[in-house]
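K.L.:
Mind looking over this structure? Questions follow.
The values are calculated or read from the model by the stated rules, or taken from the named source; none is laboratory data. What you see is a predicted model, and the numbers here were worked out from it, not measured in a lab. Note that each Cβ is placed from the backbone with ideal geometry, even for glycine, and that neighbours are counted across all protein chains shown.
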Amino acid sequence: MSEQILVSGIVKLSLQGQLSGHDYQVILDFQSQPKLGVKQTLNFGAVKALAALGGGGTIRAIASADFHYQKIAGTISLKKGYLTVNGLAGSYQHYQYLVRSARFGQGINVLVDPQMNTIRLPYLLARIQDAIGHQGKVEWK
């Protein structure tokens, strides 16, 4: 989406799609795959983009900071212009983990509320653009 949003690590992906005239549906399942010697980090731009996805408030930190994660897992579906996110990295109360923090070092947890996990795609892109500000333009590719 932007050179300012970087996630490092190895991820296993599964993509399903359906197209019928102007109606479409895309489902992407993903899960991080830890490997010795491969860093699992999110840069500050990725953290701000994830906060924008969840409607989180402003995040302020050192822009060069990397946040380590233990696991990223979820499902993203796009249907009729609406994006839905489900976390599959565990659960906490009624929330779902999309990102689980590493046990050591500077990390971050990202939780999804399954009752409020759908957003119109243009609105999401505008939120992400606001979150990363002057760092770069967000484009859907």
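K.L.:
If THR84 meets every condition in (1) part of a strand (DSSP E or B); (2) on the phi > 0 side of the Ramachandran plot apart from one, which number is that one?
P.N.:
(2)
K.L.:
From the list LYS39, LYS35, exactly one residue is in contact with a strand residue (DSSP E or B) (Cβ under 9 Å, 6 or more places away or on another chain), outside any strand (DSSP E or B) and either closer than 18 Å to VAL11 by Cβ or modelled with pLDDT under 85 (or both). Which is it?
P.N.:
LYS39
K.L.:
Would you tally the residues in the stretch 26-48 being within 22 Å of LEU88 (Cβ to Cβ), surrounded by fewer than 16 Cβ atoms within 10 Å (Cβ to Cβ) and aliphatic (A, V, I, L, M)?
P.N.:
4
K.L.:
For ILE59, which of the numbered conditions (1) among the β-branched types (Val, Ile, Thr); (2) modelled with pLDDT of 80 or more; (3) closer than 25 Å to PRO114 by Cβ fails to hold?
P.N.:
Looking at each condition in turn, ILE59 falls short on (2).
K.L.:
Tell me whether the stretch 99-122 contains one or more residues that are assigned to a helix (DSSP H, G or I) and not aliphatic (A, V, I, L, M).
P.N.:
yes
K.L.:
Which condition number does ILE72 fail, the rest of (1) at pLDDT 90 or above; (2) out of contact with any Phe, Trp or Tyr (no Cβ under 8 Å at 6 or more places or on another chain); (3) among the β-branched types (Val, Ile, Thr) being met?
P.N.:
Exception for ILE72: condition (2).
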